[in-house]
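Here you go, one structure.
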Amino acid sequence: MIYADHAATTKMSETAKLAMLSAIEENWYNPSSLYTPGQQASGVLMDARVRISRCLGCLPKEIYFTSGGSEADNQAILSAAAIGKRQGKMHIISTAFEHHAVLHTLKKLEKEGFEITLLDVGESGIVDPNQLEKAIRPDTALVTIMYANNEIGTIQPIGEIGAVCRQNGVLFHTDAVQAAGHLPINVKEDQIDMLSLSAHKFNGPKGIGVLYAKTGVFLTNLIEGGEQERGKRAGTENLPAIVGMAAALEEACALQKERSIYVTKLRDQLIAGLKKISGALLNGDEIRRLPGNVNFCFLDTEAEGLLLLLDNKGICASSGSACTSGFLDPSHVLLAIGRDPQTARGSLRLTLDYENTPEEVETIIEAVTDTVRILRGC
Ligand SMILES: *Cc1c(COP(=O)(O)O)cnc(C)c1O
């Protein structure tokens, strides 16, 4: 079996597993309890917060643990909307190719009277900071633009976007779920006010994530109850998952540079091999993309067929688009970069990581070449 769907989820690293196991066995006490073992668990929680904050370049008290990337996106956007509403600012800027955790939250706000501007991302899949600057209005409450796209892997000019937002006094949130652990991130340098990440995209456990919120950004609670996370996210902390996430992020950040060089080579090998197929169109900028991301449309094919035949050959891949009611809709991301619906239906996303090998990439190239030929009936 060849796993080439690391944008969907990743396998837990040994480091993360061991960290979780020790938390399960030794620190299973409630961090809010006053007796010594409880206070020890509280210390472990604090330690995880400190380690994660170091990876992001922020303060420990700016880290809020959530159930994952989706919750962090929801909380960030709803918080900014609440702040905006109090100031009479009811306009939000985003892009058409965000994750549904962002787009569906914006839809909800639209129904509540917010006006949403979705920036064009062009054929390259990269936001233009000048276009953003033109879209900002006196009543803009929030700019939310993802760090790197989960389908086509394109990396946004986050530092420039952050600078435009800061200069115009607008809050800036970025969904960095695909970037965290894979790209170097520094929220202070990039002038990011809020950032979402999710552990299972960087070899940590599922169901745990982080919302970073800069000191002074007033968060809205999604879950009411106890005083955990400084009163902003109630519920007894999932300490094993938090500790596993901290270990995974630290490891990913320490090895980021060397892994990125290795995975980029695999990516470019795969892109070069698949480009040789006739009617193969690479989606998104060829260079400014995540180290492991490859995404093509193959004319006169359909994603269901591609994925099924590849699965038969033991290759786990994705079309990038969400499966609704049993069939694949063309991906909103591919439509956003200007693919027509028919072309977008023939999409294939292959996402690699440090565990993949050049031999696997060769096998994938042969398998995809074969599959496309079979589907075209020639
Ligand atoms: C996976 C993903 C999410 C959702 O994260 P969960 O932890 O699965 O809720 C959000 N945004 C992006 C870009 C993602 O890739």
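Just so you know, all these numbers are worked out from the coordinates, no wet-lab data involved. No experiment lies behind these values; they were computed from the predicted model shown. Positions of Cβ are generated from backbone atoms using ideal geometry, with glycine treated the same way; all protein chains shown enter the neighbour counts.
Only helical DSSP H runs with n ≥ 4 go in: add -39500 (n - 2.57) per run for the chain, normalise by residue count and round the 222 nm mean residue ellipticity to 500 deg cm²/dmol. Present the calculation step by step, with values, prior to reporting the outcome.
Working: 11 runs with 155 residues, N = 378.
The per-residue figure over the chain is -13000 deg cm²/dmol.
Relative to the longest principal axis of the C-alpha atoms of the chain, give the angle of the C-alpha long axis of helix 36-56, reported between 0 and 90° and rounded to the nearest 10°.
Computed tilt is about 50 degrees.
Report ³J(HN,Hα) in whole Hz for each residue of region 286-299, in order, from the Karplus equation J = 6.51 cos²θ - 1.76 cosθ + 1.60 where θ = phi - 60°; Gly and Pro get x.
So the Karplus estimates, Gly and Pro as x, are 6, 9, 7, 9, 4, x, x, 8, 10, 9, 10, 10, 10, 4 Hz.
Using 0.36 nm per residue of separation minus the Cα-Cα distance, give me the extension gain between D340 and M1 in nm, one decimal. Kindly include the intermediate steps, with their values, before the conclusion.
Numbers: separation 339, 0.36 × 339 = 122.04 nm, distance 3.26 nm.
Here the segment from D340 to M1 would lengthen by 118.8 nm.
So, R0 is 30 Å and r is the distance between the beta-carbons of K265 and D370; what FRET efficiency does that work out to, to 0.05? All intermediate terms of the calculation are to be shown ahead of the outcome.
Details: r = 24 Å, r/R0 = 0.79.
It comes out at approximately 0.80.
Could I ask something else about it? Please give every one of the aspartates and glutamates within straight-line cross-link reach of K11, meaning a C-alpha to C-alpha distance under 12 Å, and leave out same-chain neighbours fewer than 8 residues apart.
Straight-line reach from K11, under 12 Å: D353, E355.
Please compute, over every Cα-Cα pair in region 1-72, the percentage with a separation greater than 17 angstrom. Mind showing how you got there, number by number?
On the way: 1569 of 2556 pairs.
Taking all Cα-Cα pairs of region 1-72, the fraction more than 17 Å apart is 61 percent.
Just to verify a number: FRET efficiency for L255 and D128, C-beta to C-beta distance, R0 = 45 Å, to 0.05?
On the way: r = 33 Å, r/R0 = 0.72.
That pair, L255 with D128, gives E of 0.85.
Measure nothing but the geometry: give the 0 to 90° angle between the long axis through the Cα atoms of 239-275 and the longest principal axis through the Cα atoms of the chain, rounded to 10°.
The angle comes out near 20 degrees.
Please list, ordered by chain and number, the residues whose modelled amide H lies under 5 Å from the amide H of N293; skip anything fewer than 5 residues away on the same chain.
Residues meeting the criterion, in which the H sits 1.01 Å from N, are L352.
Which one, I277, Y29, F172, is farthest towards the positive end of the dipole of the chain when Lys and Arg carry +1 and Asp and Glu -1 on their Cβ?
F172
I need the phi-derived Karplus couplings for region 229-234: 6.51 cos²θ - 1.76 cosθ + 1.60, θ = phi - 60°, integer Hz, Gly and Pro marked x.
After applying 6.51 cos²θ - 1.76 cosθ + 1.60, I find 6, 6, x, 9, 7, 6 Hz.
While we're looking at this one, here's another question. Under a 5 Å amide H to amide H cut-off, with H placed in plane at 1.01 Å, what residues pair with A179 once short-range neighbours are removed?
HN-HN under 5 Å from A179: A148.
Something else about it: How large is Rg/Rh for region 153-287, to two decimals, with Cα atoms and a Kirkwood Rh? Spell out each step's value before the answer.
Values: Rg = 18.2 Å, Rh = 17.4 Å.
Result for region 153-287 is an Rg/Rh of 1.05.
What full-extension length gain, to one decimal in nm, is calculated for Y35 and C378 as 0.36 nm per residue of separation minus the Cα-Cα distance? Let's see the in-between values first.
On the way: separation 343, 0.36 × 343 = 123.48 nm, distance 7.18 nm.
Full-extension gain reported as 116.3 nm.
For region 14-254, what does the equivalent ellipsoid look like in terms of its semi-axes, each the square root of 5 times an eigenvalue of the Cα gyration tensor, given largest first in whole Å?
Working: eigenvalues 200, 77, 40 Å².
Result for region 14-254: semi-axes of 32, 20, 14 Å.
Would you check region 14-254 for Lys pairs whose C-alpha atoms are within less than 18 Å, ignoring same-chain pairs closer than 8 in sequence, and give me the count?
Count of close lysine pairs: 14.
For L299, L109, what ranking results if the residue with the fewest other Cβ atoms within 10 Å of its Cβ goes first? It would help to have the intermediate numbers written out before the result.
On the way: L299 14, L109 21.
Result, fewest neighbours first: L299, L109.
Can you give me the angle between helix 358-375 and the longest principal axis of the chain, using Cα atoms only, in degrees from 0 to 90, rounded to the nearest 10?
In the chain, helix 358-375 runs at an angle near 60 degrees to the longest axis.
Taking R0 as 30 Å, what FRET efficiency do you get between K206 and R230 from their Cβ-Cβ distance, rounded to the nearest 0.05? Don't skip to the answer; put the middle values down first.
Details: r = 25 Å, r/R0 = 0.82.
Efficiency, rounded to the nearest 0.05: 0.75.
With only alpha-carbon atoms in the gyration tensor, what are the semi-axes of the equivalent ellipsoid for region 82-152, in Å, largest first?
Numbers: eigenvalues 92, 44, 15 Å².
Largest first, region 82-152 gives 21, 15, 9 Å.
If you place +1 on the Cβ of every Lys and Arg, -1 on the Cβ of every Asp and Glu, and leave all else neutral, what size is the dipole of region 213-283 about its Cα centre, to the nearest 20 Debye?
Details: 10 positive and 8 negative charges, 112 e Å.
Its charge dipole is roughly 540 debye.
So what J values fall out for region 73-83 if you push phi through Karplus, 6.51 cos²θ - 1.76 cosθ + 1.60 with θ = phi - 60°, rounded to Hz, Gly and Pro as x?
So the J values, rounded to whole Hz, are 4, 4, 5, 4, 5, 5, 5, 4, 5, 5, 4.
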